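Written out below as structure tokens is the structure these notes cover.
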Amino acid sequence: MSHTIILCQFGSKLSTRQWSDYETPGEAMDGICQMYEFRLKQLNPERRKITYDISDLFTFVDSLPDLSALVFDSRVNAYVPHNKDWVKNRVYEHLKTQAAGK
């Protein structure tokens, strides 16, 4: 269990900044997927079913002005910051594990 905080800025204005916290990095990766799915629903309100692949999700992550994760490390009793590349790697591994049914 490593408490994780996701910091995200959705647009150029500072007012688009948000943060979310999760009990684990895996839950945080699910949260990032949900952010993208919410955005897809906003862009396609008339569609009942929307599908996407990992490259679409990564394009979304790359398009964000800012996205980072703070993961609590009990060894140093502090939050360790991680960038977009780390987030994309963790999302990929998380989804791969889910697809394998683990």
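The values are calculated or read from the model by the stated rules, or taken from the named source; none is laboratory data. Quick caveat: nothing in here was measured; it's all calculated off a predicted structure. With ideal geometry, Cβ positions are generated from the backbone for all residues, glycine too; neighbour counts draw on all protein chains shown.
Summary of computed values
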| read-out | value |
| --- | --- |
| Matching residues, region 75-96, being in a helix (DSSP H, G or I), under 12 Å from the mean Cα position of the chain (by Cα) and surrounded by 13 or more Cβ atoms within 10 Å (Cβ to Cβ) | Lys84, Trp86, Val87, Lys88, Arg90, Val91, Tyr92, His94, Leu95 |
| Met29 in contact with a Cys (Cβ under 8 Å, 6 or more places away or on another chain) and surrounded by 15 or more Cβ atoms within 10 Å (Cβ to Cβ) | no |
| Which numbered condition Gly31 misses (of (1) part of a strand (DSSP E or B); (2) within 12 Å of the chain's Cα centre (by Cα)) | (1) |
| Members of region 45-102 that are basic (Lys, Arg) and in contact (Cβ under 8 Å) with a residue 40 or more places away in the chain | Arg90 |
| Residue match in region 57-74 (condition: of a type in the set (A, V, I, L, M, F, W, C) and surrounded by fewer than 15 Cβ atoms within 10 Å (Cβ to Cβ)) | no |
| Enumeration of residues in region 58-76 that are touching a strand residue (DSSP E or B) at 6+ places or on another chain (Cβ under 6 Å) and either among the polar types (S, T, N, Q) or modelled with pLDDT under 95 (or both) | Ser68 |
